[in-house]
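Peer 1: First the structure, then my questions, so here it is.
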Amino acid sequence: MNLPKAFEEEMVNLLGDEDYKKYTECFDESRHYGLRVNTAKISVEEFLKIAPWPLERVPWISNGFYYDGENIQPAKHPYYFAGLYYLQEPSAMTPADRLPVDPGDRVLDVCAAPGGKATELGAKLRGTGVLAANDLSSSRAKGLLKNLELFGIGNVLVLSEEPGKLVPYFREYFDKILIDAPCSGEGMFRKDRKMVRAWEEHGPEFFSRIQKSIVSQAAQMLRPGGMMLYSTCTFSPLENEQTIEYLLDQYPEFEICEMEGYEGFSEGMPEVTREKDENLKKTVRIFPHRMKGEGHFIALLKKGEVKKRQGTSDKGRAGKIPEELEEFLEGVDRAFDLSRIQIRGDRVYYMPEDVPDLKGVRFLRTGLLMGELKKKRFEPSQALAMNLKKDEYRHILDLPSEDVRVVRYLKGETLDVEDLAAPKDKGWYLVCVDGYPLGFGKLGNQTLKNKYLPGWRWQSL
């Protein structure tokens with residue numbers, strides 16, 4: 001493989017001649033395919049019991065696995081449509097794994113599309129707190145929204161703004177922030193050869209300016225005592241250690257934190273920076289010739305001076321909700337806080353707690369879209385279906401994964417369910433595969449009218 005001369009020289013400086021040779025030899029090896037279990041829906045142990053294919057653990061990620069991407073297609077299995085896992089390159093699982101998110105946290109993913117890291121952060125929150133997932137590209141943010149809803153994450157704000165625009169709305173608001181920064185993508189050269197040409201068009205100097213701007217803006221949105229994780233999929237010192245050095249110069253209240261290690265991790269390189277701060281050794285570099293992953297840089301930081309977190313908005317009062325919504329919720333075994341239900345037009349949302357007024361901010365979603373009010377009836381949404389657990393809804397149609405009706409449902413077809421429903425059964429039913437929700441359908445006369453979201457439907461190869 002022909003690599004840019006400037007890149008080769010930089011890598012030789014980083015690795016030395018012998019180690020660089022090992023690095024280039026790994027380009028002849030097969031890429032690694034990864035799958036990360038959605039622990040908000042299923043435990044790792046339970047998933048391994050039902051996994052349809054052989055899996056090998058990613059040793060530094062508790063819910064990460066390798067699979068044979070040359071011979072199997074996990075994205076064409078019903079469990080994928082049930083949101084039980086996300087397909088993600090193994091080293092890319094590391095940033096969200098190493099950011100210590102706790103239930104109840106306010107979390108920001110600054111550059112979140114397509115959602116690989118945001119879905120893991122949301123799973124860690126367990127339906128509490130708030131996850132603000134932002135991406136400047138509105139088209140990429142649409143894919144981000146789908147992945148978050150597929151994972152059943154409802155306590156979300158899906159935003160599409162330049163990070164600096166968010167600072168006045170979220171100043172010192174977040175407990176945890178993840179920045180998987182736009183970068184020159186050197187760690188992706190083996191996985192995607194087109195990245196070499198992109199690097200030649202926009203190299204480290206171009207992205208370094210963007211990264212410095214983003215970390216400065218994110219620092220202002222982190223509360224004192226909060227933690228921020230910065231990552232890239234590149235090897236460039238300019239984009240990695242030197243960006244962290246810049247952040248520490250601008251915001252000396254930040255300090256670099258230790259992370260859970262792994263034998264394949266390489267420590268950061270203070271020698272590539274101006275001040276040669278030994279604390280930079282606490283950052284992590286992932287090289288593809290030293291472990292079974294592509295390439296990443298990760299730095300975990302903490303903002304000093306702990307202060308008590310303050311709420312930013314009133315919870316409001318529990319008001320009267322429409323009768324049709326109230327009737328539907330009688331079949332849901334979950335205690336919704338009625339003060340958090342917002343009706344905008346004909347759409348019903350369940351909002352996270354204590355979110356600021358976002359007037360003036362571009363967003364695709366605030367909260368969980370529960371459904372729509374239509375002519376004195378309530379139609380539940382696909383997002384609500386994915387947010388529910390099987391035992392939280394009264395009316396269930398549960399199909400085994402091998403039942404041909406599962407794929408027919410995912411394709412949007414009407415189903416005959418005489419074996420599952422009595423002649424008098426009717427109304428909204430939650431369709432599940434092996435106990436995990438896929439979406440809603442309207443039942444009548446032992447026939448299920450399909451309500452699976454058209455944009456999500458199974459596409460034949």
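Peer 1: For the stretch 97-178, what class follows from the C-alpha gyration tensor (a ≥ b ≥ c being the square roots of its eigenvalues): rounded when a/c is under 1.5, otherwise prolate if a/b is larger than b/c, else oblate?
Peer 2: oblate
Peer 1: In addition: How large are Rg and Dmax for the stretch 1-63 when calculated on the C-alpha trace, in angstrom?
Peer 2: 18.4, 49
Peer 1: Taking the alpha-carbon centroid of each part, what is the distance from the stretch 12-55 to the stretch 87-160 in angstrom?
Peer 2: A separation of 21 Å, based on Cα centres.
Peer 1: By how many nm would the segment from Lys302 to Trp53 grow when fully extended, if each residue of separation counts as 0.36 nm and the alpha-carbon distance is taken off?
Peer 2: Values: separation 249, 0.36 × 249 = 89.64 nm, distance 4.01 nm.
Net length gain for the segment: 85.6 nm.
Peer 1: State to the nearest 20 debye the size of the charge dipole of the stretch 390-461 about its Cα centre, where the only charges are +1 on K and R beta carbons and -1 on D and E beta carbons.
Peer 2: 440 debye
Peer 1: Tell me, in nm to one decimal, what length is gained between Ile210 and Lys21 on full extension, where the rule is 0.36 nm per residue of separation less the Cα-Cα distance?
Peer 2: 64.9 nm
Peer 1: Tell me the relative contact order for the chain as a rounded percent, counting alpha carbon contacts under 8 Å between residues six or more apart.
Peer 2: 13 percent
Peer 1: Within 10 Å of each residue's Cβ, count the other Cβ atoms and sort Ser137, Ser460 from fewest upward.
Peer 2: Least to most surrounded, the residues fall as Ser460, Ser137.
Peer 1: For Leu87, Leu329, which order do you get if you count the other beta carbons within 10 Å of each Cβ and list the fewest first?
Peer 2: The order, fewest Cβ neighbours first, is Leu87, Leu329.
Peer 1: Contact order normalised by length for the stretch 56-164, with contacts defined as Cα pairs under 8 Å and 6 or more residues apart; what percent is it?
Peer 2: It comes to 23 percent, rounded to a whole number.
Peer 1: So between Ser401 and Glu326, what do we pick up on full extension, going 0.36 nm a residue minus the alpha carbon distance?
Peer 2: Full extension of this stretch gives 23.7 nm more.
Peer 1: Hey, another quick one. Helix 116-125 sits at what angle to the longest principal axis of the chain, using alpha carbons and giving 0 to 90 degrees rounded to 10?
Peer 2: Value to nearest ten degrees: 60.
Peer 1: Right, another one. Based only on other Cβ atoms within 10 Å, what is the fewest-to-most ordering of Tyr429, Tyr262?
Peer 2: So the ranking, lowest neighbour count to highest, is Tyr262, Tyr429.
Peer 1: With labels modelled as points extended 7 Å from the Cα through the Cβ direction, what inter-label distance (nm, one decimal) is found for Arg126 paired with Asp419?
Peer 2: So the two model labels end up 3.8 nm from each other.
Peer 1: Tell me, what is the percent relative contact order of the stretch 1-89, built from C-alpha pairs under 8 Å that lie six or more residues apart? Mind dumping the intermediate values first?
Peer 2: On the way: 78 pairs, mean separation 29.7, N = 89.
Relative contact order, the stretch 1-89: 33 percent.
Taken together, the values in this text are just the output of simple stated rules run on the coordinates, not laboratory data. As the structure is a computational prediction, the values presented were derived from the model and not from experiment. Here the Cβ is made from the backbone with ideal geometry for all residues, glycine too, and neighbour counts use every protein chain on show.
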